[in-house]
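First the structure, in the form of C-alpha coordinates, and then the observations on it.
The values are calculated or read from the model by the stated rules, or taken from the named source; none is laboratory data. Note that the structure is a prediction, hence the values are computed from the model and not measured. Neighbour counts run over all protein chains shown; Cβ positions are idealised from the backbone, glycine included.
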Amino acid sequence: MSCIGWVPSPALPVGHRSPAWRLDGHRAAAPRHDTSAGMQPAGMEVSRTRSLAALACALAWARSRPERRRAGPSSARRALRVHEFFSGVGGLRLAFQAAGGRSARWRAYEVDEACCQAYRQLYHSRQLGGVRQAEPWKSIVRPEDELWRCSIDKLPDAAFEKADLWIMSPPCQPFTRTGHRLDVKDPRCRALLRLVEALPKLRVKPKGILLENVPGFQNSEAHKRLCAALREAGLEWQELLLDPRSFGFPNTRQRFYLVATAAEVDLEELGGVPVRPVKDFLRPVAPEDLEALRVPRQFLQEAHEEKWQLDVATGESLATKTFTSSYGKVGYGAEGLSKAGPLLDMLGKDGKRFRSLPPEHWDHVRYFAPEELALLMGFPNAFALPEMSTRTQWRLLGNSVNVAVVTALLRRLLRALGEAPEAAEAAASAAERPLGRVSA
(Lines give C-alpha, C1' and ligand atoms only; values in the text may rest on other atoms or scores of the structure.)
Protein backbone atom coordinates (compact mmCIF):
# COMPACT_ATOMS: atom_id res chain seq x y z
CA MET A 1 0.00 0.00 0.00
CA SER A 2 1.37 3.43 -0.96
CA CYS A 3 1.42 6.20 1.63
CA ILE A 4 3.53 8.76 -0.21
CA GLY A 5 2.93 12.39 0.58
CA TRP A 6 1.09 11.90 3.86
CA VAL A 7 0.77 15.09 5.92
CA PRO A 8 -0.61 14.95 9.48
CA SER A 9 -3.95 16.67 9.97
CA PRO A 10 -5.35 18.41 13.06
CA ALA A 11 -6.15 16.04 15.90
CA LEU A 12 -9.60 14.54 16.07
CA PRO A 13 -11.80 15.06 19.13
CA VAL A 14 -11.21 12.55 21.90
CA GLY A 15 -13.39 9.50 21.50
CA HIS A 16 -14.08 10.11 17.79
CA ARG A 17 -14.25 6.99 15.64
CA SER A 18 -15.13 7.04 11.98
CA PRO A 19 -16.89 3.90 10.71
CA ALA A 20 -15.65 4.73 7.22
CA TRP A 21 -12.07 3.48 7.91
CA ARG A 22 -10.38 0.47 9.42
CA LEU A 23 -6.89 0.57 10.92
CA ASP A 24 -5.65 -1.96 8.39
CA GLY A 25 -5.75 0.83 5.80
CA HIS A 26 -8.60 -0.54 3.70
CA ARG A 27 -11.36 1.92 2.80
CA ALA A 28 -15.02 1.27 3.53
CA ALA A 29 -17.92 3.06 1.88
CA ALA A 30 -18.00 6.72 2.91
CA PRO A 31 -21.21 7.65 4.74
CA ARG A 32 -23.64 10.18 3.28
CA HIS A 33 -24.29 13.28 5.38
CA ASP A 34 -27.54 15.26 5.59
CA THR A 35 -26.58 18.96 5.90
CA SER A 36 -30.17 19.88 6.60
CA ALA A 37 -29.92 18.06 9.90
CA GLY A 38 -27.09 20.28 11.10
CA MET A 39 -24.22 18.13 9.79
CA GLN A 40 -20.93 19.62 8.57
CA PRO A 41 -20.53 20.63 4.94
CA ALA A 42 -19.47 17.84 2.58
CA GLY A 43 -16.12 19.46 1.76
CA MET A 44 -15.02 19.60 5.37
CA GLU A 45 -16.11 15.97 5.93
CA VAL A 46 -14.14 14.83 2.89
CA SER A 47 -11.04 16.64 4.18
CA ARG A 48 -11.37 14.95 7.57
CA THR A 49 -11.95 11.59 5.92
CA ARG A 50 -8.79 11.99 3.86
CA SER A 51 -6.83 12.81 7.02
CA LEU A 52 -8.16 9.68 8.69
CA ALA A 53 -7.18 7.67 5.65
CA ALA A 54 -3.64 9.01 5.80
CA LEU A 55 -3.42 8.24 9.52
CA ALA A 56 -4.66 4.71 8.99
CA CYS A 57 -2.18 4.28 6.15
CA ALA A 58 0.68 5.38 8.41
CA LEU A 59 -0.40 3.01 11.18
CA ALA A 60 -0.59 0.11 8.78
CA TRP A 61 2.89 0.93 7.44
CA ALA A 62 4.31 1.09 10.97
CA ARG A 63 2.78 -2.27 11.85
CA SER A 64 4.32 -3.87 8.79
CA ARG A 65 7.84 -2.89 9.91
CA PRO A 66 9.97 -5.47 11.81
CA GLU A 67 9.57 -5.03 15.56
CA ARG A 68 12.49 -3.30 17.24
CA ARG A 69 13.24 -4.32 20.81
CA ARG A 70 13.85 -1.49 23.21
CA ALA A 71 16.68 -1.63 25.66
CA GLY A 72 15.70 -2.44 29.20
CA PRO A 73 13.49 -5.04 30.86
CA SER A 74 11.30 -5.51 27.79
CA SER A 75 14.27 -6.88 25.83
CA ALA A 76 15.27 -9.40 28.50
CA ARG A 77 15.28 -13.03 27.49
CA ARG A 78 12.87 -15.34 29.20
CA ALA A 79 14.12 -17.01 32.33
CA LEU A 80 16.06 -20.24 31.91
CA ARG A 81 14.01 -23.25 33.00
CA VAL A 82 16.11 -25.57 35.15
CA HIS A 83 15.10 -28.98 36.53
CA GLU A 84 17.31 -30.12 39.42
CA PHE A 85 16.72 -33.83 39.95
CA PHE A 86 17.77 -35.59 43.20
CA SER A 87 18.35 -32.10 44.58
CA GLY A 88 19.55 -33.05 48.09
CA VAL A 89 20.69 -29.87 49.85
CA GLY A 90 21.08 -27.94 46.60
CA GLY A 91 24.77 -28.35 45.81
CA LEU A 92 23.98 -28.29 42.09
CA ARG A 93 21.95 -25.14 42.54
CA LEU A 94 24.80 -23.39 44.32
CA ALA A 95 27.12 -24.44 41.49
CA PHE A 96 24.70 -22.99 38.92
CA GLN A 97 24.68 -19.68 40.77
CA ALA A 98 28.47 -19.64 41.16
CA ALA A 99 28.84 -20.40 37.43
CA GLY A 100 27.09 -17.14 36.60
CA GLY A 101 23.77 -18.65 35.59
CA ARG A 102 21.18 -15.92 35.10
CA SER A 103 17.87 -15.92 36.90
CA ALA A 104 15.97 -19.12 36.31
CA ARG A 105 12.59 -20.72 36.78
CA TRP A 106 13.66 -23.46 39.15
CA ARG A 107 12.15 -26.85 39.89
CA ALA A 108 13.83 -29.24 42.32
CA TYR A 109 12.84 -32.89 42.72
CA GLU A 110 13.55 -34.72 45.98
CA VAL A 111 11.95 -37.54 47.99
CA ASP A 112 13.88 -37.40 51.29
CA GLU A 113 12.11 -35.35 53.97
CA ALA A 114 15.29 -34.11 55.68
CA CYS A 115 16.65 -32.93 52.32
CA CYS A 116 13.37 -31.16 51.55
CA GLN A 117 13.41 -29.46 54.95
CA ALA A 118 16.95 -28.19 54.40
CA TYR A 119 16.27 -27.17 50.79
CA ARG A 120 13.13 -25.26 51.74
CA GLN A 121 14.90 -23.27 54.43
CA LEU A 122 18.03 -22.62 52.39
CA TYR A 123 16.39 -21.43 49.16
CA HIS A 124 12.83 -20.55 50.25
CA SER A 125 11.39 -22.73 47.52
CA ARG A 126 7.68 -23.49 47.57
CA GLN A 127 7.31 -27.17 48.41
CA LEU A 128 4.62 -29.21 46.71
CA GLY A 129 3.59 -32.62 48.02
CA GLY A 130 1.12 -35.07 46.53
CA VAL A 131 2.55 -34.34 43.11
CA ARG A 132 0.97 -37.31 41.33
CA GLN A 133 -2.51 -36.40 42.53
CA ALA A 134 -2.13 -32.65 42.01
CA GLU A 135 -0.66 -33.03 38.48
CA PRO A 136 0.98 -29.58 38.63
CA TRP A 137 2.53 -30.01 35.19
CA LYS A 138 -0.94 -29.35 33.75
CA SER A 139 -1.05 -25.85 35.25
CA ILE A 140 -0.22 -23.02 32.88
CA VAL A 141 1.02 -20.75 35.68
CA ARG A 142 3.62 -22.25 38.02
CA PRO A 143 5.74 -20.70 40.81
CA GLU A 144 9.13 -19.35 39.81
CA ASP A 145 10.87 -21.54 42.39
CA GLU A 146 9.36 -24.81 43.53
CA LEU A 147 10.37 -28.03 45.23
CA TRP A 148 8.50 -31.20 44.32
CA ARG A 149 8.66 -33.87 47.00
CA CYS A 150 7.96 -36.92 44.88
CA SER A 151 9.21 -40.20 43.47
CA ILE A 152 10.51 -39.34 40.02
CA ASP A 153 9.83 -42.84 38.72
CA LYS A 154 6.08 -42.34 39.34
CA LEU A 155 5.76 -39.23 37.18
CA PRO A 156 4.57 -39.07 33.54
CA ASP A 157 6.59 -37.64 30.68
CA ALA A 158 4.62 -34.38 30.86
CA ALA A 159 6.19 -33.60 34.25
CA PHE A 160 9.62 -33.25 32.62
CA GLU A 161 8.58 -31.10 29.64
CA LYS A 162 9.85 -27.65 28.71
CA ALA A 163 13.09 -27.59 30.69
CA ASP A 164 16.16 -25.93 29.18
CA LEU A 165 18.62 -27.60 31.52
CA TRP A 166 18.66 -30.86 33.50
CA ILE A 167 21.17 -31.18 36.33
CA MET A 168 21.33 -34.27 38.50
CA SER A 169 23.29 -36.48 40.86
CA PRO A 170 21.36 -39.78 40.94
CA PRO A 171 21.78 -42.29 43.80
CA CYS A 172 25.23 -43.85 43.54
CA GLN A 173 24.60 -47.02 45.59
CA PRO A 174 23.77 -49.17 42.53
CA PHE A 175 27.28 -48.48 41.16
CA THR A 176 29.59 -48.13 44.18
CA ARG A 177 32.74 -50.20 44.47
CA THR A 178 31.94 -51.31 48.02
CA GLY A 179 28.25 -52.06 47.38
CA HIS A 180 26.45 -54.91 45.66
CA ARG A 181 26.57 -53.13 42.27
CA LEU A 182 23.08 -54.22 41.26
CA ASP A 183 23.02 -51.55 38.55
CA VAL A 184 19.59 -51.30 36.89
CA LYS A 185 18.22 -54.05 39.14
CA ASP A 186 18.65 -51.83 42.19
CA PRO A 187 15.35 -50.11 43.15
CA ARG A 188 17.31 -46.90 43.72
CA CYS A 189 18.05 -46.77 39.98
CA ARG A 190 14.39 -46.57 38.96
CA ALA A 191 14.19 -42.78 39.05
CA LEU A 192 17.17 -42.36 36.72
CA LEU A 193 15.80 -45.00 34.35
CA ARG A 194 12.49 -43.13 34.27
CA LEU A 195 14.27 -39.97 33.11
CA VAL A 196 16.24 -41.96 30.54
CA GLU A 197 13.00 -43.42 29.22
CA ALA A 198 11.24 -40.06 29.01
CA LEU A 199 14.03 -37.97 27.44
CA PRO A 200 13.72 -39.01 23.75
CA LYS A 201 9.92 -38.73 23.86
CA LEU A 202 9.70 -35.17 25.14
CA ARG A 203 8.25 -32.56 22.78
CA VAL A 204 10.59 -29.91 24.21
CA LYS A 205 13.87 -31.54 25.14
CA PRO A 206 16.50 -29.95 27.40
CA LYS A 207 19.28 -28.07 25.62
CA GLY A 208 21.85 -29.24 28.16
CA ILE A 209 22.28 -32.01 30.74
CA LEU A 210 24.84 -32.44 33.52
CA LEU A 211 25.08 -35.68 35.51
CA GLU A 212 27.39 -36.57 38.42
CA ASN A 213 27.96 -40.05 39.85
CA VAL A 214 30.63 -42.44 41.09
CA PRO A 215 33.25 -43.75 38.62
CA GLY A 216 31.53 -47.16 38.55
CA PHE A 217 28.60 -45.62 36.69
CA GLN A 218 30.72 -45.35 33.54
CA ASN A 219 30.69 -49.10 32.91
CA SER A 220 27.10 -49.76 33.96
CA GLU A 221 24.01 -50.80 32.05
CA ALA A 222 22.36 -47.59 33.26
CA HIS A 223 25.12 -45.60 31.55
CA LYS A 224 24.61 -47.56 28.34
CA ARG A 225 20.88 -46.79 28.35
CA LEU A 226 21.50 -43.12 29.11
CA CYS A 227 23.85 -42.79 26.14
CA ALA A 228 21.29 -44.43 23.86
CA ALA A 229 18.65 -41.95 25.04
CA LEU A 230 20.98 -39.00 24.48
CA ARG A 231 21.74 -40.18 20.98
CA GLU A 232 18.04 -40.57 20.20
CA ALA A 233 17.37 -37.10 21.59
CA GLY A 234 19.98 -35.60 19.25
CA LEU A 235 22.46 -34.61 21.95
CA GLU A 236 26.24 -34.97 21.98
CA TRP A 237 28.03 -35.68 25.24
CA GLN A 238 31.43 -35.74 26.90
CA GLU A 239 32.53 -37.75 29.92
CA LEU A 240 35.18 -36.99 32.53
CA LEU A 241 36.61 -38.34 35.76
CA LEU A 242 37.51 -35.40 37.99
CA ASP A 243 39.09 -35.31 41.45
CA PRO A 244 38.60 -32.37 43.86
CA ARG A 245 42.35 -32.36 44.49
CA SER A 246 42.78 -30.97 40.98
CA PHE A 247 40.73 -28.00 42.14
CA GLY A 248 42.66 -27.38 45.35
CA PHE A 249 40.66 -29.49 47.83
CA PRO A 250 42.42 -32.12 50.02
CA ASN A 251 39.70 -34.70 49.39
CA THR A 252 39.88 -37.83 47.23
CA ARG A 253 36.30 -37.75 45.98
CA GLN A 254 36.81 -38.72 42.34
CA ARG A 255 33.57 -38.59 40.40
CA PHE A 256 32.22 -39.31 36.94
CA TYR A 257 30.68 -36.38 35.06
CA LEU A 258 28.65 -36.38 31.86
CA VAL A 259 27.90 -33.14 30.02
CA ALA A 260 25.43 -33.36 27.13
CA THR A 261 24.28 -30.64 24.73
CA ALA A 262 23.64 -29.99 21.06
CA ALA A 263 26.46 -27.42 21.11
CA GLU A 264 30.17 -28.07 21.53
CA VAL A 265 31.45 -27.63 25.09
CA ASP A 266 35.10 -26.88 25.83
CA LEU A 267 36.04 -29.07 28.79
CA GLU A 268 39.79 -28.90 28.34
CA GLU A 269 42.22 -27.75 31.04
CA LEU A 270 39.85 -27.99 33.97
CA GLY A 271 41.41 -27.88 37.41
CA GLY A 272 45.17 -27.57 37.85
CA VAL A 273 44.98 -25.79 41.22
CA PRO A 274 47.58 -26.69 43.91
CA VAL A 275 46.12 -28.68 46.80
CA ARG A 276 45.71 -26.76 50.03
CA PRO A 277 46.24 -28.41 53.44
CA VAL A 278 43.35 -29.55 55.62
CA LYS A 279 44.02 -26.78 58.15
CA ASP A 280 42.76 -24.21 55.65
CA PHE A 281 39.30 -25.80 55.89
CA LEU A 282 39.06 -26.25 59.66
CA ARG A 283 36.87 -24.07 61.83
CA PRO A 284 36.79 -23.45 65.61
CA VAL A 285 34.41 -25.83 67.38
CA ALA A 286 32.46 -24.63 70.41
CA PRO A 287 32.90 -26.80 73.54
CA GLU A 288 29.19 -27.65 73.58
CA ASP A 289 29.45 -28.99 70.01
CA LEU A 290 32.63 -30.97 70.56
CA GLU A 291 30.93 -33.89 72.29
CA ALA A 292 28.98 -34.81 69.12
CA LEU A 293 32.29 -34.95 67.20
CA ARG A 294 34.17 -37.26 69.57
CA VAL A 295 35.15 -40.73 68.32
CA PRO A 296 33.90 -43.48 70.69
CA ARG A 297 36.77 -44.47 72.99
CA GLN A 298 35.79 -48.14 72.79
CA PHE A 299 36.27 -48.07 69.03
CA LEU A 300 39.68 -46.40 69.33
CA GLN A 301 40.80 -48.98 71.89
CA GLU A 302 39.66 -51.88 69.72
CA ALA A 303 41.35 -50.35 66.68
CA HIS A 304 44.59 -49.98 68.65
CA GLU A 305 44.51 -53.57 69.93
CA GLU A 306 43.74 -54.99 66.49
CA LYS A 307 46.31 -52.67 64.87
CA TRP A 308 43.79 -51.31 62.43
CA GLN A 309 45.13 -48.72 60.02
CA LEU A 310 42.71 -45.84 60.41
CA ASP A 311 42.22 -43.08 57.89
CA VAL A 312 43.56 -40.13 59.86
CA ALA A 313 44.08 -36.54 58.77
CA THR A 314 46.05 -33.76 60.41
CA GLY A 315 46.14 -30.07 59.67
CA GLU A 316 49.02 -30.64 57.24
CA SER A 317 47.32 -33.45 55.30
CA LEU A 318 46.82 -32.99 51.57
CA ALA A 319 44.26 -35.78 51.19
CA THR A 320 41.22 -37.09 53.04
CA LYS A 321 38.98 -40.03 52.36
CA THR A 322 35.67 -39.55 50.55
CA PHE A 323 32.94 -38.38 52.88
CA THR A 324 29.81 -40.48 52.36
CA SER A 325 26.33 -40.57 53.88
CA SER A 326 27.69 -43.17 56.35
CA TYR A 327 30.25 -40.79 57.81
CA GLY A 328 30.45 -41.16 61.58
CA LYS A 329 29.18 -44.74 61.69
CA VAL A 330 31.69 -46.87 63.56
CA GLY A 331 32.71 -50.01 61.71
CA TYR A 332 35.47 -51.71 59.86
CA GLY A 333 35.25 -52.19 56.12
CA ALA A 334 36.07 -55.27 54.10
CA GLU A 335 39.13 -53.52 52.69
CA GLY A 336 40.65 -53.04 56.14
CA LEU A 337 39.79 -49.35 56.38
CA SER A 338 37.53 -47.83 58.97
CA LYS A 339 34.14 -46.69 57.77
CA ALA A 340 34.35 -44.04 60.48
CA GLY A 341 37.03 -42.07 58.67
CA PRO A 342 38.46 -39.78 57.89
CA LEU A 343 39.24 -38.77 61.45
CA LEU A 344 40.99 -35.56 62.46
CA ASP A 345 44.00 -35.86 64.79
CA MET A 346 44.53 -32.46 66.37
CA LEU A 347 47.93 -33.52 67.77
CA GLY A 348 49.27 -34.90 64.52
CA LYS A 349 52.05 -32.94 62.86
CA ASP A 350 52.69 -34.85 59.66
CA GLY A 351 50.45 -35.69 56.76
CA LYS A 352 50.72 -39.47 57.04
CA ARG A 353 47.27 -40.76 56.25
CA PHE A 354 46.76 -44.44 57.16
CA ARG A 355 48.05 -45.32 60.62
CA SER A 356 47.08 -46.52 64.08
CA LEU A 357 46.38 -44.09 66.88
CA PRO A 358 48.30 -44.43 70.17
CA PRO A 359 46.32 -43.88 73.41
CA GLU A 360 47.83 -40.44 74.04
CA HIS A 361 46.03 -39.19 70.90
CA TRP A 362 42.57 -40.52 71.75
CA ASP A 363 41.40 -37.38 73.56
CA HIS A 364 42.53 -35.23 70.65
CA VAL A 365 40.95 -37.06 67.73
CA ARG A 366 37.52 -36.15 66.43
CA TYR A 367 35.26 -36.26 63.41
CA PHE A 368 35.14 -33.34 61.01
CA ALA A 369 32.34 -30.90 61.83
CA PRO A 370 29.55 -30.56 59.22
CA GLU A 371 30.75 -27.02 58.43
CA GLU A 372 34.22 -28.41 57.68
CA LEU A 373 32.79 -31.14 55.47
CA ALA A 374 30.91 -28.50 53.52
CA LEU A 375 34.07 -26.45 52.96
CA LEU A 376 36.04 -29.53 51.89
CA MET A 377 33.29 -30.20 49.34
CA GLY A 378 33.44 -26.74 47.80
CA PHE A 379 30.44 -25.16 49.50
CA PRO A 380 30.78 -21.40 50.17
CA ASN A 381 31.68 -20.06 53.59
CA ALA A 382 28.20 -18.66 54.10
CA PHE A 383 26.55 -22.06 53.63
CA ALA A 384 25.00 -23.54 56.77
CA LEU A 385 22.47 -26.32 57.10
CA PRO A 386 19.41 -25.65 59.25
CA GLU A 387 19.19 -26.91 62.82
CA MET A 388 19.26 -30.72 62.75
CA SER A 389 21.35 -33.48 64.29
CA THR A 390 25.05 -33.70 63.44
CA ARG A 391 24.58 -37.19 62.00
CA THR A 392 21.78 -35.98 59.72
CA GLN A 393 23.96 -33.13 58.50
CA TRP A 394 26.78 -35.59 57.78
CA ARG A 395 24.36 -37.77 55.82
CA LEU A 396 23.04 -34.92 53.71
CA LEU A 397 26.50 -33.57 52.92
CA GLY A 398 27.88 -37.04 52.21
CA ASN A 399 25.26 -37.44 49.49
CA SER A 400 26.07 -34.07 47.93
CA VAL A 401 28.44 -32.98 45.15
CA ASN A 402 31.66 -30.99 45.15
CA VAL A 403 30.24 -27.57 44.37
CA ALA A 404 33.49 -26.15 42.98
CA VAL A 405 33.99 -28.96 40.46
CA VAL A 406 30.40 -28.74 39.24
CA THR A 407 30.73 -24.95 39.02
CA ALA A 408 33.61 -25.31 36.56
CA LEU A 409 31.58 -27.70 34.40
CA LEU A 410 28.40 -25.63 34.47
CA ARG A 411 30.31 -22.48 33.61
CA ARG A 412 31.54 -24.12 30.41
CA LEU A 413 28.13 -25.64 29.67
CA LEU A 414 26.25 -22.36 30.13
CA ARG A 415 28.77 -20.57 27.96
CA ALA A 416 28.25 -23.13 25.18
CA LEU A 417 24.49 -22.66 25.43
CA GLY A 418 24.83 -18.87 25.30
CA GLU A 419 23.28 -18.58 28.75
CA ALA A 420 26.19 -17.13 30.72
CA PRO A 421 25.89 -13.36 31.33
CA GLU A 422 28.59 -11.09 29.95
CA ALA A 423 30.14 -10.50 33.36
CA ALA A 424 30.59 -14.20 33.97
CA GLU A 425 31.85 -14.63 30.42
CA ALA A 426 34.58 -12.05 30.91
CA ALA A 427 35.63 -13.43 34.29
CA ALA A 428 35.39 -17.13 33.43
CA SER A 429 39.06 -17.80 32.73
CA ALA A 430 40.18 -15.94 35.85
CA ALA A 431 37.54 -17.56 38.04
CA GLU A 432 38.48 -21.10 37.07
CA ARG A 433 42.00 -20.79 38.45
CA PRO A 434 41.18 -20.25 42.14
CA LEU A 435 38.30 -22.73 42.32
CA GLY A 436 39.91 -24.43 45.29
CA ARG A 437 39.70 -21.33 47.43
CA VAL A 438 37.08 -21.01 50.08
CA SER A 439 35.02 -17.98 49.17
CA ALA A 440 34.48 -15.25 51.70
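Points worth noting:
- Just one of (1) modelled with pLDDT of 95 or more; (2) surrounded by 21 or more Cβ atoms within 10 Å (Cβ to Cβ); (3) not β-branched (Val, Ile, Thr) fails for Glu372. It is (2).
- Residue that is in contact with a strand residue (DSSP E or B) (Cβ under 6 Å, 6 or more places away or on another chain) and either within 22 Å of Leu376 (Cβ to Cβ) or in a loop (DSSP other than H, G, I, E, B) (or both), where the choices are Gly234, Gly271, Gly179: Gly271
- Filtered residue count, region 151-170, keeping only those that are basic (Lys, Arg) and at pLDDT 95 or above: 1
- Any hit, region 254-271, residues being more than 27 Å from Gly88 (Cα to Cα), without any contact (Cβ under 8 Å) to a residue 40 or more places away in the chain and either among the aromatic types (Phe, Trp, Tyr) or in the same structural domain as Lys205 (by TED's automatic domain parsing) (or both): yes
- Subset tally (residues that are surrounded by fewer than 19 Cβ atoms within 10 Å (Cβ to Cβ) and in a loop (DSSP other than H, G, I, E, B)) for region 139-158: 8
- Condition met for Gly216 (at pLDDT 95 or above, at positive phi and small (Gly, Ala, Ser)): no
- Screening Arg253 with (1) modelled with pLDDT of 95 or more; (2) of a type in the set (Lys, Arg); (3) closer than 30 Å to Arg415 by Cα gives one miss only, at (1).
- With respect to the conditions (1) surrounded by 14 or more Cβ atoms within 10 Å (Cβ to Cβ); (2) part of a helix (DSSP H, G or I), Gln133 lacks only one, and its number is (1).
- Breaking point among (1) at pLDDT below 90; (2) touching a helix residue (DSSP H, G or I) at 6+ places or on another chain (Cβ under 8 Å); (3) surrounded by 18 or more Cβ atoms within 10 Å (Cβ to Cβ), for His304: (3)
- Subset of region 159-176 [within 20 Å of Lys205 (Cα to Cα), in contact with a Leu (Cβ under 9 Å, 6 or more places away or on another chain) and not in a loop (DSSP other than H, G, I, E, B)]: Phe160, Leu165, Trp166, Ile167, Met168
- Residue count for region 192-225, restricted to those that are crowded, with 19+ Cβ neighbours inside 10 Å, in contact (Cβ under 8 Å) with a residue 40 or more places away in the chain, part of a loop (DSSP other than H, G, I, E, B) and among the charged types (D, E, K, R): 1.
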